[in-house]
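The values are calculated or read from the model by the stated rules, or taken from the named source; none is laboratory data. Just so it is clear, the model here is predicted, and its values are computed rather than measured. All Cβ positions, even for glycine, are placed from backbone atoms using ideal geometry, and neighbour counts span all protein chains on display.
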Amino acid sequence: MWRFVILAVLLLIVYFMVRSAVRGFLARKTQGGTIGAAEMVQDPVCGMYVTKEGSFFLQRGDQLHFFCSETCRASYEKKLA
Ligand SMILES: [Zn+2]
């Protein structure tokens, strides 16, 4: 019985170590203002998550808004007007 508990604890420790290592790697990758290919942003219209790469965007001042489709971008523009 104790073996299972120890094994579970060990697995948990390994899991957290791997997770923090992956996070550190991803944080380093997105440093310096470059847009990561897998960075997810929320569409303010429908709430869907889209990647910055290959999604529809709208520049407003110094802010960029990302959308899942042309339809969402158009309705967001309409809302602003
Ligand atoms: Zn959308």
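Brief remarks on what is shown
- Every pair of residues 6+ apart whose Cβ atoms lie under 6 Å, when the first sits in the stretch 49-66 and is assigned to a loop (DSSP other than H, G, I, E, B) while the second is among the β-branched types (Val, Ile, Thr) and surrounded by fewer than 16 Cβ atoms within 10 Å (Cβ to Cβ): LYS52/ILE35
- Residue that is modelled with the highest pLDDT, among those in the stretch 24-50 that are more than 16 Å from the ligand (Cβ to nearest atom) and within 12 Å of the chain's Cα centre (by Cα): GLU39
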